[in-house]
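Worksheet for the structure shown next.
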Amino acid sequence: MILVRKMIKTKEHSMKNEEIKVKPFKKNKSKNNLIIIAVIGAVVICAFVLYFISFNKAPSKDIAAIVNGESITLQDINEQYGRVPEEYKQFITKEMLLNQSINELLLLQEAKKQGISVTAEELSEVMDNLIIQSGLSKEEFDKTLEEQNLTMGFVEDYYKKQMVINKLLNKTVISKIIVSVSEIKEYYNNNENEFITPEQVRARHILVNSSEEAESILKELKDGADFIDLAKEKSICPSASEGGDLGYFSKGQMVKEFEDAAFALEVGELSPVVETQYGYHIIKLLDKTPETLKSLEEAMGEIEVILKQEKQNEEIINYLEGLIESADIKILGGKEISPTSEIAPITASAVDDECITKYDIPKNTVIFVYSESCSHCAKMKPLVKELEGEGYNFYWAGGSDSNAYEMLNECFTDIMTGYVPQFICPDGVEYTGEMSIEDLKAFADKCRA
């Protein structure tokens, strides 16, 4: 599928029915200034992908662009834009969709030149997997498409195109990317902090509204009552259903009073009653793990993925730019469409305090949304850890943490951009992209204000 970097909010430009001869797009090596078409091996299934499928209706006389003699209509672009969710229209314009369509068409044309195609069996396998991954039956899947005014034929056509592009880029770019052992060693030596797992504890807790009730529960526990049973019965925290189990957490992820008490305990020990802004807690420590550093051997696979991703993005950009420079592209309108975008901050509305409280997130916390396979996230991790060491609070939302995704979907759905790394203040301010340590600190200070 086509993955596009986060795009800046720009004023929408109208496309007039006037033909303009466009010079070949100039190369721009800035990674933040390009819409990247990054196709990785097999087709990736994305929840938002159907928003960007356009219908193949009757040809329109209003042409948006002509690429090596093939037309892209204004109707195509308008229909694609109509399928963009409202919350994303603040930073996605029709020009960006036209630019993406041009890039895709260039890749499909090149694939055709090289005789690259997809068999019926290959397409059938991908479609079967798509239905399986949706968790729906074939009938339910068809009904869902119908509700979105789509048919299986349209979806198959979309995935067929993406599979062709995948094959082209695998053949011409991805298969040729090599990461050497020396490059891996250099990355490890220069980014050792990324491979440090901080000291962590695993704890259960019971949260109640009054100190009197907390003291009463603590007495019951000391007299031999079962912690899990009491947590399920009396705790007002969402973790009550899990017997109060909070899983593993490191310093900086909990409010200070709770953190100090938890990290001071020995395994199996009960805390005295701990007061925080959320109420009164009784904590039981289940496990404690010391800070550890992954060895080079342990980290090699992870580093190879990071470096391959970086090289892949750069090489795909170069490959696409080569196609653009040798293409005959005509665009209708008064403005040249170039494959550029930048990362910029967006300010959204404040988040409901009750939602944040439900997940024990203090107001002075920065939520760090990341992906394990994101090279830009990897660069931000040591900076986040450095600021945590200075006393800043960060909530790490990524990896395989299902609670983090639940929290993001419930509390920050209107703020999520779909791109990582993303930093969010509970008051609704967010920033997507890499930052320097100074900028990240300034952002964290805003969250504290």
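Each reported figure results from applying straightforward, stated rules to the coordinates on display, with no laboratory input. Quick caveat, the model's predicted, so the values are computed rather than measured. So basically every Cβ, Gly included, is an ideal-geometry build from the backbone, and we count neighbours across all protein chains shown.
Summary of computed values
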{"quantity": "Modelled FRET efficiency - R0 25 Å, Q114 with E315, Cβ distances, 0.05 increments", "calculated": "0.90"}
{"quantity": "Estimated inter-spin distance, T151 and D62, nm [label 7 Å along Cα→Cβ]", "calculated": "2.5 nm"}
{"quantity": "Hull-based mean projected area of the stretch 199-290, where the convex hull spans the alpha carbons, in square nanometres", "calculated": "5.1 nm²"}
{"quantity": "Theoretical gain in end-to-end length, N170 to E386 [0.36 nm per residue, Cα-Cα removed]", "calculated": "74.0 nm"}
{"quantity": "Inter-part distance where the stretch 103-179 and the stretch 258-299 are each reduced to a Cα centre, Å", "calculated": "47 Å"}
{"quantity": "Radius of gyration and maximum dimension Dmax of the stretch 256-313, Cα, Å", "calculated": "19.4, 53"}
{"quantity": "Additional length obtainable on full extension of the chain from I131 to Q277, 0.36 nm per residue less Cα span", "calculated": "48.0 nm"}
{"quantity": "Cα→Cβ-extended label distance, 7 Å offset, between T144 and D226, nm", "calculated": "3.8 nm"}
{"quantity": "Nearest-0.05 FRET efficiency for Y405 and K185, computed from C-beta distance (R0 41 Å)", "calculated": "0.75"}
{"quantity": "Taking only Cα atoms of the stretch 148-242, radius of gyration then Dmax in Å", "calculated": "28.0, 70"}
{"quantity": "Entries in K256/K284; K113/K308; K113/K160; K185/K294 that, when Cα-Cα distance is taken, lie over 19 Å", "calculated": "K113/K308"}
